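Novice: Sharing a structure with you now.
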Amino acid sequence: MPNFDSLFNAFVTLLVTIDPPGLAPIFLAVTRNMNRGERGQVSVRASIIGFVVLALFAVAGAAILSVFGITLAAFRVAGGFLLFFIAFEMVFERRNDRKEKISDVAITRDHIHNIAAFPLAIPLIAGPGAISATVLLSGSFQGITGQIALVGIIFLCLALTYLVFLLAERIDHILGQTGRSILTRLLGVILAALAVQFVADGVKALIAG
């Protein structure tokens, strides 16, 4: 069974990459003109789809890498750089702009009932950053017990995301533009530090191997 520090670091990494507070205003944007019941259905479906996608990579991440002949150490370095880029976008508020553009395209092209799958579940919840973080973490959660623990962490993160969707209007009102900006930058700095740690661990493993 992974220790508390490993579990906590995994939880923070996934929660920051998914970024539920940052998804709240996007959720409101893509579900505008919906009533509370319809928004509830969208939030449930999006959370379930996001969980299934991330759980799949948590369980089969190593196997997927092996098919392409990629070592976990190499993926740690590459994934760490990707997470650092996402952190850079968060700190300089470029990520929200990109998310808003994605949501605008989805509204015009997709039927309202498909919004849960795209863009909410993919790529906003289970995006490149969250998938990369999940595969990276799967290397530290070996065995059945470790995989169950990682899937449990993913479930907890998606449960919090679902809760944020349900309370999106209140959260957006309480935080406001200033609050969202401060929170996003703070989470970005934390993610940058975690990304550097992933790269450092990957480089050590490559040198040792």
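The values are calculated or read from the model by the stated rules, or taken from the named source; none is laboratory data. Bear in mind that the values here come from a model prediction, so they are computed numbers and not experimental data. Cβ atoms come from the backbone with ideal geometry, glycine included; neighbour counts cover every protein chain shown. Accessible surface areas use protein heavy atoms only, side chains included; no ligands, DNA or RNA. Shrake-Rupley method; radii C 1.70, N 1.55, O 1.52, S 1.80 Å.
Novice: Heavy atoms only, probe 1.4 Å: what % of the accessible area of segment 166-209 goes to carbon and sulfur, would you let me know?
Specialist: On the way: 1930 of 2870 Å².
So the carbon and sulfur contribution to the accessible surface is 67 percent.
Novice: Could you tally the net charge around Gly176, taking each other residue with its Cβ under 13 Å from the Cβ of Gly176, Lys/Arg +1 and Asp/Glu -1? It would help to have the intermediate numbers written out before the result.
Specialist: Details: positive: Arg170, Arg180; negative: Glu169, Asp172.
Within the 13 Å Cβ shell, the charges total 0.
Novice: Further question on the same structure: Once every DSSP H run of n ≥ 4 in the chain is given -39500 (n - 2.57) and the sum is divided by its residues, what mean residue ellipticity at 222 nm do you get, rounded to the nearest 500 deg cm²/dmol?
Specialist: Numbers: 8 runs with 169 residues, N = 209.
Using -39500 (n - 2.57) per qualifying helix, the result is -28000 deg cm²/dmol.
Novice: Another question about this same structure. Per residue, how large is the accessible surface of the chain? Use a 1.4 angstrom probe and give square angstrom. Can you show the working numbers first?
Specialist: On the way: 10700 Å² over 209 residues.
Per-residue value: 51 Å².
Novice: Further, regarding this structure: Which value, in debye to the nearest 20, gives the size of the charge dipole of the chain about its Cα centre, when Lys and Arg are +1 and Asp and Glu are -1 at the Cβ?
Specialist: Values: 15 positive and 12 negative charges, 32 e Å.
Using Cβ point charges on Lys, Arg, Asp and Glu, the chain gives about 160 debye.
Novice: Additional query: Extending each Cα 7 Å along its Cβ direction at Ala74 and Gln142, get the distance between those two points in nm, one decimal.
Specialist: Here the answer is 2.0 nm between the modelled labels.
Novice: I would also like to ask the following. What FRET efficiency comes out for the pair Val196/Phe8, r = Cβ-Cβ distance, R0 = 22 Å, nearest 0.05?
Specialist: Values: r = 18 Å, r/R0 = 0.81.
After rounding, the FRET efficiency stands at 0.80.
Novice: Starting from the Cα of Val67, move 7 Å in the Cα-to-Cβ direction to define the label point; list residues of segment 136-173 whose amide nitrogen is under 19 Å from there.
Specialist: Under cut-off, by backbone N: 136-139.
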